[in-house]
Amino acid sequence: MILALDETDERKALRVAENVQDLVDAIKINWPLVLSTSPEMITRLARLAPVICDFKIADIPNTDRLIVEQVRKRGASGVIVHAFTGTDSLRAAVDEAGDLDVLVVTEMSHPGGQEYTAPLAERFAAMAVEAGAAGIIAPATRPDRIAKMRSIVGDLLILSPGVGAQGGSAFDAIAMGADHVIVGRSIYAAADPREAASKLAEEIGKLPRRRSPLV
């Protein structure tokens, strides 16, 4: 289980992270937390758990490379990128990553993800394999798509967002081939984040694991 810490209150974000660090495989952060605090938040959270920077990088090769470089220097363990900008941009991100896991978006988990990303998701998954990425992002809200992505990416990691507030099921996502589910509001917005994380961890722990933890 990966915590999507889409919180903008610095103190609350750190408090939640400290409370659940032993229950999650990683903490995923996005622009809202970084912009409301500073890039130093990456390093601070990395002292508690592996950090995945969900920056959905989508630019020319040189800009992708520069962003990945900064993410790596700040101690993150993974970074999420888009593939629609092309093979050269994706390869630039992977080449710069070193031991940083590059995770490629195949399709977004919200309803609008079916408009433009879903029709090209299979190609994006193949691009992830060809570029040497560590894994992909596939939606827990559409678990049948996870199974299709698994048939394309083989043993690459599959991380599935959308569990909880968006209606996705951890059980269905993992049963269809996901390695990790990404859970946000159901944990960090709960009255007791640790209790919420514990219940989810218990549920997930009953399912067979495909591999060892993320890092």
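Kindly provide the set of residues from segment 87-114 that are among the acidic types (Asp, Glu) and crowded, with 19+ Cβ neighbours inside 10 Å, ordered by number.
96, 101, 107
So that you can scan it fast, the table gives a plain yes or no per residue for (1) among the β-branched types (Val, Ile, Thr); (2) on the phi > 0 side of the Ramachandran plot; (3) touching a Phe, Trp or Tyr at 6+ places or on another chain (Cβ under 7 Å); (4) touching a residue at least 60 places away in the same chain (Cβ under 8 Å):
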| site | (1), (2), (3), (4) |
| --- | --- |
| 87 | yes, no, no, no |
| 99 | no, no, no, no |
| 123 | no, no, no, no |
| 134 | no, no, no, no |
| 137 | yes, no, no, no |
| 141 | yes, no, no, no |
| 155 | no, no, no, no |
| 162 | no, yes, no, no |
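Against the conditions (1) crowded, with 23+ Cβ neighbours inside 10 Å; (2) under 16 Å from the mean Cα position of the chain (by Cα), where does residue 77 fall short? Just the number, please.
It is condition (1) that residue 77 fails.
Can you tell me which condition residue 84 does not meet? The list is (1) surrounded by fewer than 18 Cβ atoms within 10 Å (Cβ to Cβ); (2) at pLDDT below 95; (3) within 18 Å of the chain's Cα centre (by Cα), and all the others hold.
Going through the list (1) surrounded by fewer than 18 Cβ atoms within 10 Å (Cβ to Cβ); (2) at pLDDT below 95; (3) within 18 Å of the chain's Cα centre (by Cα), residue 84 breaks only (2).
For segment 116-136, enumerate the residues that are surrounded by fewer than 16 Cβ atoms within 10 Å (Cβ to Cβ) and at pLDDT below 95.
116, 119, 120, listed by residue number.
Kindly provide the set of residues from segment 17-36 that are farther than 22 Å from residue 81 by Cα and surrounded by fewer than 23 Cβ atoms within 10 Å (Cβ to Cβ), ordered by number.
18, 19, 21, 22, 23 - these are the residues of segment 17-36 that are farther than 22 Å from residue 81 by Cα and surrounded by fewer than 23 Cβ atoms within 10 Å (Cβ to Cβ).
Confirm whether residue 12 is out of contact with any helix residue (DSSP H, G or I) (no Cβ under 7 Å at 6 or more places or on another chain), part of a helix (DSSP H, G or I), closer than 19 Å to residue 165 by Cβ and basic (Lys, Arg).
So residue 12 fits the description; yes.
The values are calculated or read from the model by the stated rules, or taken from the named source; none is laboratory data. Predicted model only: the values in this text are computed from it and were never measured. Don't worry about glycine lacking a Cβ; one is built from the backbone with ideal geometry, like all the others, and counts go over all protein chains shown.
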